Amino acid sequence: QVQLVESGGGLVQPGGSLRLSCAASRSIFGFSTIDWYRQAPGKQHELVATVTNYGTTNYPDSVKGRFTISRDNAKNTVYLQMNSLKPEDTGTYYCNGLASGVGYWGKGTLVTVSS
């Protein structure tokens with residue numbers, strides 16, 4: 001059973017930074033893509049970052065230039081560096097790994113941006 005475990009969430013002031021981690025229970029080479037999603041209270045999941053097995057990254061306009069996704073293959077971990085955080089970035093952040101057509105989700109980590 002593949003497991004993904006997120007960590008690094010917390011309370012941060014507007015303009016601050018956080019780095020989230022998504023640790024996999026197996027080699028992340030087995031995932032064709034790994035994504036970060038977020039879900040704000042009362043809203044649907046929103047894709048915020050993608051990294052492929054080739055290292056290609058993609059972001060929606062809402063976070064482009066502020067968020068950076070990266071992968072450490074040796075540690076089987078994917079990171080999401082979030083800078084210049086805004087109150088609208090508040091939500092639970094989940095990572096999702098796609099392997100052989102199956103998506104694996106972590107349980108999420110809560111990010112609250114508030115003064």
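The values are calculated or read from the model by the stated rules, or taken from the named source; none is laboratory data. Keep in mind it's a predicted model, so treat the numbers as computed, not measured. Neighbour counts run over all protein chains shown; Cβ positions are idealised from the backbone, glycine included. Surface accessibility is based on the protein's heavy atoms, side chains included, excluding ligands, DNA and RNA. Shrake-Rupley method; radii C 1.70, N 1.55, O 1.52, S 1.80 Å.
I'm checking my understanding of the structure. Among residues of region 84-100 that are open to solvent by 60 Å² or more (accessible area, probe 1.4 Å) and polar (S, T, N, Q), which one is nearest to the chain's Cα centre (by Cα)? So the residue we want is SER84. Condition (residue is among the basic types (Lys, Arg), open to solvent by 20 Å² or more (accessible area, probe 1.4 Å), in contact with a strand residue (DSSP E or B) (Cβ under 6 Å, 6 or more places away or on another chain) and not in a loop (DSSP other than H, G, I, E, B)) applied to region 75-82: is it met by at least one residue? No, every residue in region 75-82 fails to be among the basic types (Lys, Arg), open to solvent by 20 Å² or more (accessible area, probe 1.4 Å), in contact with a strand residue (DSSP E or B) (Cβ under 6 Å, 6 or more places away or on another chain) and not in a loop (DSSP other than H, G, I, E, B).
For VAL78, the conditions (1) farther than 12 Å from CYS22 by Cβ; (2) under 9 Å from the mean Cα position of the chain (by Cα) are fulfilled apart from (1).
Could you say which residue among PRO60, PRO41, PRO14 is part of a loop (DSSP other than H, G, I, E, B), open to solvent by 60 Å² or more (accessible area, probe 1.4 Å) and touching a strand residue (DSSP E or B) at 6+ places or on another chain (Cβ under 7 Å)?
Working: PRO60 fails: open to solvent by 60 Å² or more (accessible area, probe 1.4 Å); PRO41 fails: touching a strand residue (DSSP E or B) at 6+ places or on another chain (Cβ under 7 Å).
On inspection, the qualifying residue turns out to be PRO14.
Here TYR94 clears all of (1) touching a His at 6+ places or on another chain (Cβ under 9 Å); (2) on the phi > 0 side of the Ramachandran plot; (3) not β-branched (Val, Ile, Thr) except the condition numbered (2).
Consider region 19-32 and keep the residues that are under 14 Å from the mean Cα position of the chain (by Cα) and open to solvent by 30 Å² or more (accessible area, probe 1.4 Å). The one that is nearest to GLN81 (Cα to Cα) is ARG19. Does ASP72 count as open to solvent by less than 60 Å² (accessible area, probe 1.4 Å) and either polar (S, T, N, Q) or under 12 Å from the mean Cα position of the chain (by Cα) (or both)? Criteria not met by ASP72. Under 17 Å from LEU18 (Cα atoms), touching a residue at least 40 places away in the same chain (Cβ under 8 Å) and basic (Lys, Arg): is that true of LYS86 in this structure? Judged against the criteria, LYS86 is a match.
Within region 1-11, which residues are more than 13 Å from the chain's Cα centre (by Cα), in a strand (DSSP E or B) and either of a type in the set (A, V, I, L, M, F, W, C) or within 14 Å of TYR104 (Cα to Cα) (or both)? Show your work before the answer.
Of region 1-11, the ones more than 13 Å from the chain's Cα centre (by Cα) are 1-3, 10-11.
From the residues that got through so far, the ones that are in a strand (DSSP E or B) too are 10-11.
Scanning region 1-11 gives a single hit, LEU11.
Taking region 101-113 as the range and being part of a loop (DSSP other than H, G, I, E, B), touching a residue at least 12 places away in the same chain (Cβ under 8 Å) and open to solvent by 60 Å² or more (accessible area, probe 1.4 Å) as the test, only LYS107 passes.
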